[in-house]
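Below is one structure, written out as structure tokens; comments come after it.
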Amino acid sequence: GSSVGGGSVLGDGSVAPAGYLGGGAVLGSVLAALEREPPSSGEDDEERPWKLVEAVSRWLRVCLAYHEASVAFDLLLEREVGDRHRYEASLPKLEEAQYHVRIAKFGTGLVRREFEELTRHHLYLLKKISACEDQIRTAKIFQLVDGGGHTLVSWCALVNQPKILELLLDKGGAPGYTDNVLLLCANVIQLVFRDHWWRTHRGPFSPASAVAWRERALQHQSKLAQCFEKIRYFRTRYRLPLVEALYNGHHACVEVFARKRVPMANCSAAWVHPNPQLPMVVPPPPPPPPPPKNEAEAQLRAERELTNPYKRPPRRFQKTSAGQLEVFDLLWAGM
């Protein structure tokens, strides 16, 4: 090849870098060295040109191998530079993506913690609901009254179980009447207060308002009579724990009531005579009402007996020789 710009032009038109074994000057020096080399013993003059051709061919193969390696190196270098440029160009997008990933991870952590907190709160509410349901069931049990008028608390006071009595009072047992009786008493107080407020704010009397006033007064009296009838029914049926403890001489149960500061009204508000100690006996039935004065009163009394939802079934009793009452036939389903 010929020398161009300090390099050597190879046979395919490419230029090899200067300083490498190539170019016209290097090739000339090689040929001159071969011509000046004295022939070796036994070497023919015809073989010298072939040695020259062999040397040139070796040199050309080396140049071609170098050219191929340099071209591959240039391609790799160009590819690496392009990759580096693309990497540097994609760095802002990569940083932005990493920023969004960190934000998404932070939001996911917040959502996970919030979900775990809500899960714990849900479990707490389930436990609270279960506890409330247990309390409601316990309260319903405390409000139950058997056919003899006894609650759980009154039974404990009757049979002298102070420890169980104290436990029931701590758990919300009714020391006196149950909630339905207290609700009736609250209704009576509300009715009386509303009637009093209406009477003090109804204004002057006039013939036009007389009919309305009369109807309202009758309605008020009817509601009060119904509440009083229910209260009398409960007071003649329910038994109070403190009464049972005092009557039977259970001083340990009385001391429990004193420690719990049970109001003494729960001892004096009962109309039912306490039962003696076991075996239980049923008190005698109430005396019969006086005979009606006329047919209208008899018919009215019969209608009330038929429509009275709180009327108890009849019972049959027989006195024993000891003066106690022995039950032969109890028709009350709750006994």
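Structural remarks
- Checked against the criterion of being assigned to a helix (DSSP H, G or I), under 30 Å from L183 (Cα atoms) and not hydrophobic (A, V, I, L, M, F, W, C), the candidates D83, D134, D74 yield just one match: D134.
- Filtered by the rule that a residue be open to solvent by less than 90 Å² (accessible area, probe 1.4 Å) and charged (D, E, K, R), region 51-110 gives E54, D74, D83.
- Just one of the listed residues (N180, N160) is surrounded by 12 or more Cβ atoms within 10 Å (Cβ to Cβ) and touching a Lys or Arg at 6+ places or on another chain (Cβ under 9 Å), and it is N180.
Quick grid of which residues meet (1) charged (D, E, K, R); (2) touching a residue at least 60 places away in the same chain (Cβ under 8 Å):
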{"site": "N180", "(1), (2)": "no, no"}
{"site": "F193", "(1), (2)": "no, no"}
{"site": "R199", "(1), (2)": "yes, no"}
{"site": "A225", "(1), (2)": "no, no"}
{"site": "G249", "(1), (2)": "no, no"}
{"site": "A252", "(1), (2)": "no, yes"}
{"site": "E255", "(1), (2)": "yes, yes"}
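- Test: residue in region 237-250 that is modelled with pLDDT under 50, outside any helix (DSSP H, G or I) and among the aromatic types (F, W, Y): no
- Restricting attention to region 229-242, the residues being without any contact (Cβ under 8 Å) to a residue 60 or more places away in the chain and in contact with a His (Cβ under 9 Å, 6 or more places away or on another chain) number 0.
- Summed over region 188-205, residues that are open to solvent by 40 Å² or more (accessible area, probe 1.4 Å) and either more than 29 Å from V145 (Cβ to Cβ) or in contact with a Lys or Arg (Cβ under 8 Å, 6 or more places away or on another chain) (or both) total 11.
- Filter result for A174 (touching a residue at least 12 places away in the same chain (Cβ under 8 Å) and open to solvent by less than 60 Å² (accessible area, probe 1.4 Å)): yes
- Residue count for region 154-168 under the criterion of being of a type outside the set (V, I, T) and in contact with a helix residue (DSSP H, G or I) (Cβ under 7 Å, 6 or more places away or on another chain): the result is 9.
- All conditions in (1) open to solvent by 40 Å² or more (accessible area, probe 1.4 Å); (2) in a helix (DSSP H, G or I) hold for L144, with the sole exception of (2).
- Flag for K128 being within 30 Å of G173 (Cα to Cα) and either open to solvent by 100 Å² or more (accessible area, probe 1.4 Å) or not in a helix (DSSP H, G or I) (or both): yes
The values are calculated or read from the model by the stated rules, or taken from the named source; none is laboratory data. This structure is a prediction, so every number in the text was calculated from the model and none was measured. Ideal geometry is used to build each Cβ from the backbone, glycine not excepted, and the neighbour counts take in all protein chains shown. Note: accessible area is taken over every heavy atom of the protein model, side chains too, but ligands, DNA and RNA are not part of it. Shrake-Rupley method; radii C 1.70, N 1.55, O 1.52, S 1.80 Å.
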